[in-house]
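K.L.:
Please see the structure below; I have some questions.
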């Protein structure tokens, strides 16, 4: 757990900083180009506003990509924590993925059954129904993401063992 805490302490400030920088460059792209409409850049005959807008969008995209990489790592860490808090134990990967698939089916069935009932509650029914759907959707997305990670790890392990097998065969052939 200490490793996960360290990862969060390292990645979260970077994520926030990159998002803030992306927002700053988005704001620049909105407000600065309209102030340069009549300036033409000599040699390429393009308005300066267009070049400034393109430049700020590229810089904003770079910060967003950096933020996305940090968000994906944080997503992995938080998914592990949430899945453990929900009571899903670390066990054989394929068994865990199957169990999470069953959880998804149960969540969909429960939300489908409860949502119309909550909608009938006077004054707040719509909000309760909507909240139930979004909470269910969030849990389904969490489990689908975790299943994807499990399948990826299984495929990665099989590919590595397959590569090791062929490397061993190659080494055995060359030693003969």
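K.L.:
The range 1-85: D in µm²/s via Stokes-Einstein (Kirkwood Rh, Cα pairs, 25 °C, 0.890 mPa s)?
P.N.:
D = 164 µm²/s.
K.L.:
Compute the FRET efficiency between residue 85 and residue 126 as 1/(1 + (r/R0)^6), taking r as their Cβ-Cβ distance and R0 = 30 Å, and round to the nearest 0.05. Display every interim value, and only then the final one.
P.N.:
Details: r = 29 Å, r/R0 = 0.98.
Given R0 = 30 Å and the Cβ-Cβ separation, E is 0.55.
K.L.:
Over the chain, with a single point scatterer placed on each C-alpha, what log10 of the ratio I(q)/I(0) does the Debye formula yield at q = 0.09, 0.10 1/Å?
P.N.:
For the chain at q = 0.09, 0.10 Å⁻¹, log10 I(q)/I(0) is -0.64, -0.73.
K.L.:
Something else now. Based on the Cβ-Cβ distance of residue 165 and residue 68, what FRET efficiency does E = 1/(1 + (r/R0)^6) give at R0 = 41 Å, to the nearest 0.05?
P.N.:
0.70
K.L.:
For n ≥ 4 DSSP H runs only, could you compute -39500 (n - 2.57) per run for the chain, divide by its residues and tell me the 222 nm figure to the nearest 500?
P.N.:
After summing the helix terms and dividing by residue count, I get -30500 deg cm²/dmol.
K.L.:
Which residue fluctuates the most in the chain, going by a Gaussian network model with Cα springs under 10 Å, if the choices are 115, 161, 94?
P.N.:
Maximum among the listed residues: 161.
K.L.:
Another question, if that's okay. How far apart, in nm, are the 7 Å Cα→Cβ label points at residue 10 and residue 151?
P.N.:
Going from the residue 10 label point to the residue 151 one covers 3.0 nm.
K.L.:
Viscosity 1.002 mPa s, temperature 20 °C: what is the translational diffusion coefficient of the range 89-176 from Stokes-Einstein with a Kirkwood Rh over Cα pairs, rounded to a whole number of µm²/s?
P.N.:
Values: Rh = 16.2 Å.
Answer from the Stokes-Einstein relation: 132 µm²/s.
K.L.:
Any chance you could run the full-extension gain for residue 3 through residue 92? It's 0.36 nm times the residue separation minus the Cα-Cα distance, nm to one decimal.
P.N.:
29.8 nm
K.L.:
Would you mind calculating the relative contact order of the range 1-85 from Cα pairs under 8 angstrom and at least 6 residues apart, reporting the percent as a whole number?
P.N.:
On the way: 71 pairs, mean separation 33.6, N = 85.
That works out to 40 percent.
K.L.:
Only Cα pairs under 8 Å and at least 6 apart count here; give the relative contact order of the chain as a rounded whole percent.
P.N.:
After rounding, I find 18 percent.
Every read-out reported here was derived from the displayed coordinates using simple, explicitly stated rules and does not represent laboratory data. Only a predicted model underlies this, so the values are computations on that prediction, with no experimental measurement involved. As a convention, Cβ positions derive from the backbone with ideal geometry for all residues, glycine included, and neighbour counts pool all protein chains shown.
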